[in-house]
Amino acid sequence: MAPPTRRGRPAVHPGAWWLWSLGLAVAATRTTNPLVLALLVAVSSYVVAARRTQDPWSRSYAAFARLALAVLAIRLVFAVVLGSPVPGTHTVLTLPEVPLPHWAQGIRIGGRVTAEGLVFALYDGLKLATLLICVGAANALANPARLLKALPGALYETGVAVVVALTFAPHLVADVRRLRAARRLRGRPDRGLHGLLQVGLPVLEGALERSVALAAAMDARGFGRTADVPPAVRRTTAALTLGGLLGVCAGTYGLLTAEGGVYGLPVLLVGLAAALVGLRLGGRRSPRTRYRPDVWGARAWLVAGSGIVAAAVLAVAAALDPAALHPGVVPLAAPALPLLPAAAVLVGLLPAFVTPAPEESA
């Protein structure tokens, strides 16, 4: 039974939001065209604005946006101070150059700053900034508690540890504020190393007491129990899971690099299949039930599929017409918006129309 909403419409599975977001992020890695990247940012921002709830974890999108702007600014500063590998003829300004020894050839500090180098740095920084914003969209839309509840049985202990950590974090912040306020009322310092020690020790003591009490309560309720699994199954599970995760990492690296585009997708699919089988086998040692689990319904397929379509179309377009998705900067020219990749990115707007509005969600 899916989590109900105020009008009876089922909520979207949190994993669908992550697949949608990762699809847009993969699409961002396949291009440096600023128009396509700006379209990806606009699509993710619109969906977040339309479907974000008022929960505290939904406010993380602004933090990711600020981080993206900081990354873009740092990339431009590096291009100005340390130079750019792109040759250029349009000089913007000339900084005083710091002389370096001969063994530091190829590195410079200061010197001539060209428009071509700045544009190249802007394209490169915008790519990483878009990637961060797409990941931030998943953090703002996917309920972390529901996502942890949907973890497979093999990751049960990890999910419980993360839930406990997320639960205790607000208590730690509240304890720090309460102790600092109490020290200020008594005229004692609450800053500096001495104040930190005087505040940190009581906070640590309270956290340990809550941890011991929670551990006793969880043990009394049967948390942590495991089933008897044959040694051969345990070894097979470990081999499949570790091998599959290594395959996923190698395949992802191949997809993100131009040289590994041929082997990236097959290795990723094989690794993903092996990891899923390993997690399925590993779930046998943690027998448990889920209260009102999230159901992967039609809306989840539409949300996840819209992101996957954007990633697939941009990957194919980058291989067939790399000049459109990777505009050159020498000579300087205004980038053009390729129609097919732009249409694929606009498919990412589908979640804003097929998912329940925030006021309808529970």
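The values are calculated or read from the model by the stated rules, or taken from the named source; none is laboratory data. Computed from a predicted structure; not experimentally measured. Note that each Cβ is placed from the backbone with ideal geometry, even for glycine, and that neighbours are counted across all protein chains shown. With ligands, DNA and RNA removed, areas are computed over all heavy atoms of the protein, side chains included. Shrake-Rupley method; radii C 1.70, N 1.55, O 1.52, S 1.80 Å.
Brief remarks on what is shown
- Condition check for PRO327: surrounded by 16 or more Cβ atoms within 10 Å (Cβ to Cβ) and either more than 25 Å from LEU19 (Cβ to Cβ) or free of Cβ contacts under 8 Å to residues at least 12 places away in the same chain (or both): yes
- Some residue of the stretch 82-102 being within 29 Å of ALA28 (Cβ to Cβ) and either assigned to a helix (DSSP H, G or I) or not assigned by TED's automatic domain parsing to the domain that holds LEU24 (or both): yes
- Filtering the stretch 30-48 to residues that are open to solvent by 20 Å² or more (accessible area, probe 1.4 Å) and touching a helix residue (DSSP H, G or I) at 6+ places or on another chain (Cβ under 7 Å) leaves ARG30, THR32, PRO34, LEU39, VAL41, TYR46.
- For the stretch 96-149, the candidate set comprises residues that are more than 33 Å from the chain's Cα centre (by Cα) and among the β-branched types (Val, Ile, Thr); within that set, the residue that is nearest to SER306 (Cα to Cα) is THR114.
- Within the stretch 63-86, residues that are under 15 Å from SER45 (Cα atoms) reach partners that are at pLDDT 90 or above and open to solvent by 50 Å² or more (accessible area, probe 1.4 Å) with beta carbons closer than 8 Å, at six or more positions or on different chains, in the pairs ALA68/LEU128.
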